[in-house]
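Let me begin by presenting the structure, written as structure tokens, before commenting on it.
The values are calculated or read from the model by the stated rules, or taken from the named source; none is laboratory data. Everything quoted here is computed from the prediction, not taken from an experiment. Here the Cβ positions follow ideal geometry from the backbone for every residue, glycine too, while neighbour counts run over all protein chains shown. We work out accessible area using only protein heavy atoms, side chains counted, and drop any ligands, DNA or RNA first. Shrake-Rupley method; radii C 1.70, N 1.55, O 1.52, S 1.80 Å.
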Amino acid sequence: MSEEQQLVEQVLRGDMQAFRQLVKNYEKLVWTVAARLIEQKEEREDLCQEVFIKVYRGLPGFAFESKLSTWIARITYLTAINHLRKDKYKTVSHNQLEDLVLSPAAQDNPGETMEKKSLQAYLNQLIDQMPPAYKTVITLFHLQQCAYDEIVAITGMPAGTVKVYLLRARKLLKEKLETFLKNEQP
Amino acid sequence: MKHLTDEEIQALLENGNIPESSQPADVETYRLLFESLSALPPAEVPAGFADQVTAEARQYTFRKKGQWQAAFVFLLVLVICIGSLVALLLAYKNEFQHFFSGITPYVPVFAAMAVITVVFYYADHKWFLRRYITNHYS
């Protein structure tokens, strides 16, 4: 029995310290995924709590057909997407990636706006401006080092869609990065 | 040198290879992008978050226990009421005979409706668990 399974077994027996450890193990994953999708800090905190309560309630039905991290990330993604659906005005459709190129914030001269910020901060800002699906695949692939099949399992998107979103998002980021680097050069 | 598309450059970098191509500037920018993305720090978790969630989960357990107790009391009262009613009906059987003969033909209909309702709720509950809570993705 793996360490992960042992921890789940302990939680199922009612050991709250084991549940605390489980939260500790996966809180960064949940917060990283949620942080990309939910802007407001208070809403994000409530959402992350809600995710772990869903995990607690759902653990008896978890059959280890996937990694625990994949299952928790899926609950996070679905909870965040449902939250965005409730606040429809904040939702951006999947087809609006190209708008990023034309949006005033993105058209600003990066050399000026990001004068004192690092390349990572600039990338973070660009990712935050992307539609939710693009943010999610970029975050899962690069920040969480998830494989394609895991991203498919987490988001429920077809494998082809995941690949296209990643390709398009990276291509756009690369173009922005080129402009950023040109402006950085003396 | 071979000309590589964006897709090809990305695929090679994903596998940890530095592609050789006729566009070294593109490759270098992509390489820097991959490196920077992988180095992005994870979101900061507020201090005490795990304790807060654990306390919430504990409260959830207590609430759930309370709900079970409430359900048990409700069922107990229901059983007492139904038992009293049945006892009353049996005690005054002759007086109610006319009434019973009227509803007897409909008993299978009521029973079927009850079974269908229970099956529907069970199936709905199972579907909800599969779709949203457990790890069955298909």
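Inter-label distance, A:Ala63 to B:Val119: 2.2 nm, where each label sits 7 Å from its Cα along the C-beta direction. Here A:Lys67 is the anchor, and the aspartates and glutamates within straight C-alpha reach of less than 13 Å, apart from those fewer than 8 places off in the same chain, are A:Glu3, A:Glu4, A:Asp149, A:Glu150. Its Cα centre serving as origin, segment B:3-84 has a Cβ charge dipole (Lys and Arg +1, Asp and Glu -1) of approximately 1300 debye. With the charge dipole of the protein assembly as shown set up from +1 on Lys and Arg Cβ and -1 on Asp and Glu Cβ about the Cα centre, the Cα lying farthest toward the positive end among the listed residues B:Phe99, A:Pro158, B:Thr54 is that of B:Phe99.
For the protein assembly as shown, the Cβ-based charge dipole about the Cα centre amounts to some 1240 debye (Lys, Arg positive; Asp, Glu negative; other atoms uncharged). Geometric descriptor of segment A:145-186, per residue, is 66 Å³ (volume of the convex hull of the Cα atoms).
Under 13 Å from a label point set 7 Å out along the Cα-to-Cβ vector of A:Ile53, the amide N atoms of segment B:54-80 belong to B:54-64. Counting charges near B:Ala70 (Lys, Arg +1; Asp, Glu -1) among other residues having Cβ under 12 Å from its Cβ returns a value of +3.
Note on chain B: dipole from Cβ charges, positive end direction compared against B:Pro19, B:Ser84, B:Trp127; the farthest Cα belongs to B:Ser84. Taking segment B:14-31 and a reference point 7 angstrom along Cα→Cβ of B:His3, the backbone N atoms nearer than 14 Å belong to B:21-24.
Simple rule: put +1 on each Lys or Arg Cβ and -1 on each Asp or Glu Cβ in the protein assembly as shown, find the dipole, and look at A:Asn82, A:Leu59, B:Phe74; the Cα lying farthest toward the positive end is B:Phe74.
Averaged over its residues, chain B has an accessible area of 75 Å² per residue, based on protein heavy atoms and a 1.4 Å probe.
Projected label points at B:Asp51 and A:Glu4, each 7 Å from Cα along the beta carbon direction, are separated by 2.9 nanometres.
In this simple spin-label approximation, B:Ile82 and A:Arg85 carry label points 7 Å from Cα along the Cα→Cβ vector, and these lie 3.7 nm apart. Need the C-alpha centroid separation for segment A:120-144 versus segment A:9-66, integer Å. Taking the Cα centre of each part, segment A:120-144 and segment A:9-66 sit 21 Å apart. Anisotropy class assigned to chain B is oblate, per the alpha carbon gyration tensor with a/c at or over the 1.5 cut-off and a/b no larger than b/c. Net charge dipole, chain B: roughly 1400 debye, given to the nearest 20, about the Cα centre with Cβ charges of +1 for Lys and Arg and -1 for Asp and Glu. Checked against a 20 Å cut-off, the cross-linked pairs A:Lys135/A:Lys176; A:Lys135/A:Lys171; A:Lys28/A:Lys171; A:Lys86/A:Lys163; A:Lys41/B:Lys64; A:Lys28/A:Lys163 give Cα-Cα distances beyond that limit for A:Lys28/A:Lys171; A:Lys86/A:Lys163; A:Lys41/B:Lys64; A:Lys28/A:Lys163. Derived scalar couplings between HN and Hα for segment B:91-100 equal 5, 10, 3, 4, 5, 9, 4, 4, 5, 4 Hz in order, rounded to whole Hz, by the Karplus curve 6.51 cos²θ - 1.76 cosθ + 1.60 (θ = phi - 60°), x for Gly and Pro.
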